[in-house]
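As structure tokens, the structure follows; a few thoughts come after it.
The values are calculated or read from the model by the stated rules, or taken from the named source; none is laboratory data. All values derive from a computational prediction rather than experimental measurement. Positions of Cβ are backbone-derived with ideal geometry, glycine not excepted, and every protein chain shown enters the neighbour counts. Note: areas computed on protein heavy atoms with side chains; ligands, DNA, RNA excluded. Shrake-Rupley method; radii C 1.70, N 1.55, O 1.52, S 1.80 Å.
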Amino acid sequence: MGFGSMEKEEWTQNDREVLEVAMAAGHILLENGAEIARVEETMERICRHFRVECENFFVLSNGIFTTGRPDFSSPGGQYAKVQHIPVKGTQLDKVVAVNQLSREVVEGRYSIEEIKERLDQIRCMPGKGFPVQILASGVGSACFCYLLGGSLIDSAVAFVAGFLLYIFVLLVGKSHVTKITKNICGGALVTLVCILSYRLGLGEHLSHMIIGSIIPLVPGVSFTNGIRDIANEDYISGAVRLLDAMLIFLCVAIGVGVMFIAYHRIFGGILL
């Protein structure tokens, strides 16, 4: 009788570890920009491989709710946990790494402890360095400006504006400035740089320069994932992500508009 109780306790602990690992994988995916369906599928895949099939996952855009137990015939060993995951940036290399790990788990390559170690390694994966992010912002701004019809000189101005923009974004990211303030100020900054360059004769199409320069602020991944979540019938999460993306669009537009109005009031109109 005592031996049976010990065996049941070990089995219950093993199931808890499986669910903890599944939640850790889901946490990494969700906080780095994965869509809801992918998070749920990965968590279920890990649990099924370790034969913990009586689990329930409820995933939102900023939280994971998990309940489970070893089997329906067992009255004990229930598991319940909630994790809050704030909406933040995107790091798709971590999403790819967790997806690959889940495939390897299904193939039987890892034990529970090895999965924990691998998830810790993925969680600690460094993002791109500040110089790379700043350079990518400048190059992306210049390329989009050119694709939208800007000239080479317009693209050069957009490169400088995008370069300065991401320096500002990274500096602000270290403080406790809200996302709304950051995006309004970012939109105003690139607009000011483009207007001054245009008035100095550097650039031919002001609108192309500004549009190209604000591209680094556009939340393309969040907007796309919001649509995908709605298409997958995850309406709450999709609506939250779309609202977050639309708020960013609005803030950037406000920043651009405020700078145009301020410049017009101080220096007069701008001939476009």
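Descriptive notes on the structure:
- Taking first residues from the range 226-239 that are closer than 11 Å to L60 by Cβ and in contact (Cβ under 8 Å) with a residue 24 or more places away in the chain and partners that are surrounded by 15 or more Cβ atoms within 10 Å (Cβ to Cβ) and of a type in the set (K, R), the Cβ contacts under 7 Å between residues at least 6 apart in sequence or on separate chains come to D229/R241.
- Test: L170 is modelled with pLDDT under 90, part of a helix (DSSP H, G or I), open to solvent by less than 50 Å² (accessible area, probe 1.4 Å) and farther than 16 Å from C194 by Cα: yes
- One residue from G162, G140, G149 being in contact with a helix residue (DSSP H, G or I) (Cβ under 8 Å, 6 or more places away or on another chain), open to solvent by less than 50 Å² (accessible area, probe 1.4 Å), over 30 Å from R16 (Cα atoms) and not in a helix (DSSP H, G or I): G149
- Matching residues, the range 83-125, being part of a loop (DSSP other than H, G, I, E, B) and either open to solvent by less than 80 Å² (accessible area, probe 1.4 Å) or closer than 17 Å to I64 by Cβ (or both): I85, P86, V87, K88, G89, T90, Q91, G108, Y110, S111, M125
- A count restricted to the range 135-183 and to residues that are touching a Pro at 6+ places or on another chain (Cβ under 6 Å) and free of Cβ contacts under 8 Å to residues at least 24 places away in the same chain stands at 0.
- Of the residues G186, G201, G255, the single one that is over 17 Å from the mean Cα position of the chain (by Cα) and on the phi > 0 side of the Ramachandran plot is G201.
- Looking across the range 118-141 at every residue that is at pLDDT below 90 and small (G, A, S), the one that is nearest to V157 (Cα to Cα) is identified as G129.
- Tabulated pairs, the range 245-272, first basic (K, R), second at pLDDT 85 or above, C-beta under 6 angstrom, 6+ apart or interchain: none
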